Every structure is written in structure tokens, then in C-alpha cells.
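J.: A single structure is presented below for examination.
The values are calculated or read from the model by the stated rules, or taken from the named source; none is laboratory data. From a predicted model like this one, the values you see are computed outputs, not experimental measurements. Using ideal geometry, Cβ is built from the backbone for each residue, glycine included, and neighbour counts are taken over all protein chains shown. We work out accessible area using only protein heavy atoms, side chains counted, and drop any ligands, DNA or RNA first. Shrake-Rupley method; radii C 1.70, N 1.55, O 1.52, S 1.80 Å.
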Amino acid sequence: MATRYRAARLTRTGIEDGTDRGVWENRHVSTVLASATELVGEKRREFAARNPQSARLHDEARLVLPGGHTRTILNHEPFPLTFVRGEGAVLFDADGHEYVDLLGDYTAGLFGHGERRVLDAVDSAMREIASVGGIHPYERRLAELMCARFGLDRVRFTNSGTEANLFAITTARMHTGRSKVLVFQGGYHGGVLFFATGGAPWNAPYPFVVASYNDLAGATELIDEHADDLAAVLVEPMLGSGGCISADAAFLRGLFAAAREAGAVAIADEVMTSRHGRAGLAALLGAEPDLRTYGKYIGGGFSFGAFGGSAELMGQFDTSRPGAIPHAGTFNNNVATMAAGCIVLGELYTADVAEAHTARGERFRADVAGVLARHALPVTVTGYGSMLALHGDTPELQELLFLGLYLRGVYTAPRGMVNLSLPLTDEQLQASLAALEDTLAELAQSSPSQ
Ligand code: PMP
């Protein structure tokens with residue numbers, strides 16, 4: 001069995017965050033990896049035995065939902081738990097266990113569970129006016145907050161980050177009269193804009209050109225090659241789904257410059273990364289795109305998306321102009337999201353709060369790196385600010401980290417993603433570090449069966 005696993009020498013360039021302890025090759029590490037498959041089986045059985053109600057609910061859900069859910073990313077072995085309640089940064093499952101919620105709903109759950117000011121704002125707005133096929137003040141107010149915060153001339157709202165990116169692409173294609181879109185391997189911009197594996201048959205049918213992330217020379221070459229028909233370059237300032245790999249500042253700046261040089265529109269997908277610093281990660285890296293897209297936490301837990309940028313580009317949607325691009329969407333300006341967004345940007349997550357939260361995340365990632373450094377296992381941490389990812393060197397090790405933390409009351413993404421929410425207390429973060437320490441210690445002690 002041992003031969004299935006390479007004795008893990010960490011060679012993935014670009015994901016180390018300065019804590020790389022160099023060579024992992026030692027007998028102990030190969031021993032741990034060799035026993036990983038067996039351990040995964042054990043942990044899955046332990047997890048299943050501990051969660052009979054969730055198992056039952058999952059089986060029942062599968063009768064009406066393919067796979068038992070409606071969001072593919074939530075699936076994992078042996079089955080995803082059903083959460084019945086949340087409070088601050090704590091989740092409670094159907095079997096009565098409680099978890100520190102370190103996932104933060106893939107960045108959408110920045111305010112944790114039951115944030116009173118969001119609930120009150122939405123409740124009072126919905127009492128004033130509910131689903132309305134008309135203009136209302138919250139829409140304009142949120143647009144003002146977004147423009148002021150993120151340096152946009154104009155913004156338009158959508159129902160999701162996916163839609164925001166689709167419309168940003170439309171904006172660029174209509175503006176340039178060109179068709180192609182340069183994206184990056186490992187990028188994720190929505191359910192139909194999926195480039196984890198370089199492209200997918202279910203993607204929106206645009207002619208995509210796929211470049212390597214953080215490779216400015218390679219991307220520039222492709223931009224030059226396709227310049228005649230290149231409408232846009234679409235990039236995350238940090239690969240989120242792709243493992244919390246931040247862009248190099250020089251890469252992002254150079255990429256946007258090369259896009260503009262070729263007459264293409266530079267689009268920064270800040271659906272996840274707009275939480276960083278005072279105005280998002282692109283701004284922190286000193287890179288200025290033509291368009292930016294948003295989503296996740298800005299809706300305070302309600303469906304949200306937005307795209308915005310220069311008056312010239314966004315003016316294409318100005319209905320006072322002949323031939324304006326129609327932008328439809330029943331819920332684009334829905335009262336609940338608009339009212340929640342106003343409280344989020346106006347009060348809960350001001351630029352000062354965002355800056356402090358980013359710094360807190362940086363400290364937490366350093367603490368995680370400190371824990372990893374105490375264990376000779378091929379696990380690293382990457383990220384920026386309040387978003388980070390644990391990387392186990394094999395799929396089995398990744399799953400053992402996930403299940404190990406889960407069984408110790410800490411909820412993260414199966415792929416190792418962690419997104420800090422505001423209500424997390426220092427005690428909860430310390431408890432999470434202790435759970436990681438314990439998980440790694442247990443893995444280090446494990447030995448292959450005879
Ligand atoms: N862009 C990025 C960078 C994302 O991480 C996501 C969602 N994970 C999206 C776009 C799509 O957003 P939504 O799920 O709201 O459609």
C-alpha cells in the first residue's frame with residue numbers, strides 16, 4: 001500500500017506562504033500517508049455512527065433532491081450533515097452536536113448566524129414595502145455605498161456572483177464587439193464559469209482562452225495571440241475555490257495593463273475578495289480593473305451579486321440611451337437584499353472593520369502555520385486576510401484533515417477552506433487551533449496496518 005503514496009516532498013510552488021519547512025521526505029511521513037486510506041475508512045465510519053439523524057435526513061432528501069442537496073459543493077463522504085440552527089459562529093446539527101463554524105458559508109456568512117442588525121433592517125424594510133415591481137430607496141442607497149466603498153462610477157445588482165460575472169462578460173463583449181474571454185486555470189467565477197480543471201462541458205458557451213495563474217509572461221503571450229477578438233480578461237485577485245492562492249501584485253497589475261493594451265476589458269472577480277482591506281484585494285495589490293464583480297457577504301445572508309465600474313462601460317445599460325443593453329432580473333433589486341446590503345456596508349462591515357478583520361485573518365493564518373510547523377506532515381496553509389486554505393498533500397490527507405476537525409467540533413470545507421466570520425471569538429479560534437493540533441498529532445501517531 002505504501003507505494004501508492006509518494007513520500008511527500010512539497011513541490012507545489014506558489015502555495016507555500018513562507019512557512020515551508022522544506023523537505024518532507026522521511027520515513028515517518030511515508031508511514032502516515034501509507035495508512036491514510038485505511039484511516040479515511042475508519043473516520044468515515046466514526047462520522048456516520050455519530051450522526052444517525054443527519055444520515056436519515058440525507059437519505060430522505062435524496063428522494064426529492066438529486067444527491068440530497070441543491071449545491072454540489074456541499075457534498076462529501078460519507079454524507080453531509082444537516083444543520084438545524086446557528087448562533088453567532090456556532091452551528092448545531094440534527095444530532096445535537098455543536099461546531100465552530102470556520103467555513104463562514106464560503107465567505108457569504110461573514111456575520112455568522114442571527115446577526116440582529118441585519119434581521120431588524122430586513123424586517124423593517126419588508127414591512128414598509130415587500131416584493132415590488134418598482135423603484136425603491138434601498139436600491140439607490142446600496143448603490144451609493146458600493147460606489148463610494150469600491151471606487152465604482154456605476155453599479156448594477158444581480159442575484160448571484162455567477163450572474164454578476166456573466167453580465168460583466170456581456171458588458172465587455174458589447175463594448176468591444178469582440179467575443180473571447182481570457183480566464184485562468186484553477187479559477188472559479190460561478191456554476192457555469194468553472195475552470196478548476198481548465199474548463200467544463202457545462203460552462204456558458206463563450207470562447208474561453210485559459211492561461212496559467214500568476215504567470216504574467218504566459219498570459220501576456222495569450223493576450224497578444226488573441227488580441228483581435230479578445231473582449232475581456234476575467235481574474236480573481238486570489239483564487240478562492242482554487243485554494244486561496246493570492247495573485248502576485250506584479251502579475252495582476254501587468255495583466256490588467258496587457259488587457260487594456262490589447263483593447264480588452266479587465267475584470268476583477270471580487271465576489272470573495274472584496275472583504276479584504278478597505279476596498280477589496282485588487283486595490284490592496286495596487287491593480288485597477290475596468291470592471292469588478294461582487295457577491296456573497298454583501299447581501300448579509302441574502303442572495304446577492306453586483307457588477308460595476310466606469311461610467312463609460314456601465315453606461316451601456318443606461319436606458320435613456322438608444323440601444324441600451326437590457327438587464328433583467330425580477331429579484332435584482334429585491335427589498336430584503338438591498339436593505340441587508342445597506343446595513344452591511346453602511347454599519348457592520350465598514351472599511352475600518354474590514355481592515356481590522358483582514359489583519360485578524362493574517363494573524364490567524366500565522367497561528368495555523370505555527371501549528372503545522374510543529375508536525376512533520378505534508379500540510380501547508382495559504383491565503384490572505386480572513387480567507388485561508390489547508391492543503392494536505394494527498395486527497396486522503398485532505399479528507400483526514402477535514403474529518404479530523406469535524407469530529408473535533410470544527411466545521412471547514414472538505415477542500416480545506418476556512419473563512420473567518422466577524423462573531424468568531426478568540427476562544428473559538430484558539431479551540432480551532434487546538435483541534436488542528438490534535439488532528440495532526442493523531443495523524444502523526446497513526447501507523448499502517450500489518
Ligand atoms: N466568483 C467567485 C470568486 C466565487 O467564489 C463564487 C462562488 N463561490 C462565484 C463567483 C459565484 O457566486 P454565486 O455562488 O453567488 O453564483
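J.: Testing Asp95 on (1) open to solvent by less than 60 Å² (accessible area, probe 1.4 Å); (2) assigned to a helix (DSSP H, G or I), one condition comes back false. Which one is that?
T.: (2)
J.: The conditions are (1) open to solvent by less than 10 Å² (accessible area, probe 1.4 Å); (2) in a helix (DSSP H, G or I); (3) of a type in the set (A, V, I, L, M), and Ala431 fails exactly one of them. Which is it?
T.: Among (1) open to solvent by less than 10 Å² (accessible area, probe 1.4 Å); (2) in a helix (DSSP H, G or I); (3) of a type in the set (A, V, I, L, M), Ala431 violates only (1).
J.: Cβ contacts < 6 Å: first residue more than 17 Å from Gly240 (Cβ to Cβ), restricted to the range 190-217; second residue among the hydroxyl-bearing types (Ser, Thr, Tyr) and away from the ligand (no atom under 15 Å from the Cβ), any location; separation 6+ or different chain. Result?
T.: These pairs meet every condition: Pro207/Ser179.
J.: Right, next: Given the criterion within 26 Å of the chain's Cα centre (by Cα), closer than 23 Å to Tyr188 by Cβ, among the aliphatic types (A, V, I, L, M) and within 16 Å of the ligand (Cβ to nearest atom), identify the matching residue among Ala306, Ala340.
T.: Ala306
J.: Report yes if Pro66 is more than 26 Å from Val271 (Cα to Cα) and open to solvent by 80 Å² or more (accessible area, probe 1.4 Å), otherwise no. Outline the logic, then answer.
T.: Values: more than 26 Å from Val271 (Cα to Cα): yes; open to solvent by 80 Å² or more (accessible area, probe 1.4 Å): yes.
Here the answer is yes, as Pro66 does meet what is asked.
J.: Go through the range 200-219 and give me each residue that's away from the ligand (no atom under 16 Å from the Cβ), surrounded by fewer than 19 Cβ atoms within 10 Å (Cβ to Cβ) and either within 21 Å of Gly309 (Cβ to Cβ) or of a type outside the set (A, V, I, L, M, F, W, C) (or both).
T.: Correct list: Pro201, Pro205, Pro207, Ser212, Asp215, Gly218.
J.: Another question about this same structure. Condition first: loosely packed, with under 14 Cβ neighbours inside 10 Å and either under 29 Å from the mean Cα position of the chain (by Cα) or at pLDDT 95 or above (or both). Now tell me which residues in the range 23-41 satisfy that.
T.: Gly41
J.: Turning to a different aspect of this structure: Filter the range 146-166 down to the residues that are under 15 Å from Val265 (Cβ atoms), in contact (Cβ under 8 Å) with a residue 40 or more places away in the chain and within 12 Å of the ligand (Cβ to nearest atom) and list them by number.
T.: Within the range 146-166, Ala164, Asn165 qualify.
J.: Also, quick follow-up: Quick one: Ala376 ticks every box in (1) open to solvent by 30 Å² or more (accessible area, probe 1.4 Å); (2) at pLDDT 95 or above; (3) among the small types (Gly, Ala, Ser) except a single one, so which number is it?
T.: Failed condition: (2).
J.: Which residues, taken from the range 145-159, are open to solvent by 40 Å² or more (accessible area, probe 1.4 Å) and closer than 19 Å to Pro326 by Cβ?
T.: First, the residues of the range 145-159 that are open to solvent by 40 Å² or more (accessible area, probe 1.4 Å): 148, 151, 153-154, 156, 159.
Hits for the range 145-159 are Arg154, Arg156, Asn159.
J.: Considering each of Leu433, Leu372 in turn, give the residue that is within 30 Å of Gly300 (Cβ to Cβ) and not assigned by TED's automatic domain parsing to the domain that holds Ala283.
T.: Criteria check complete, one pass: Leu433.
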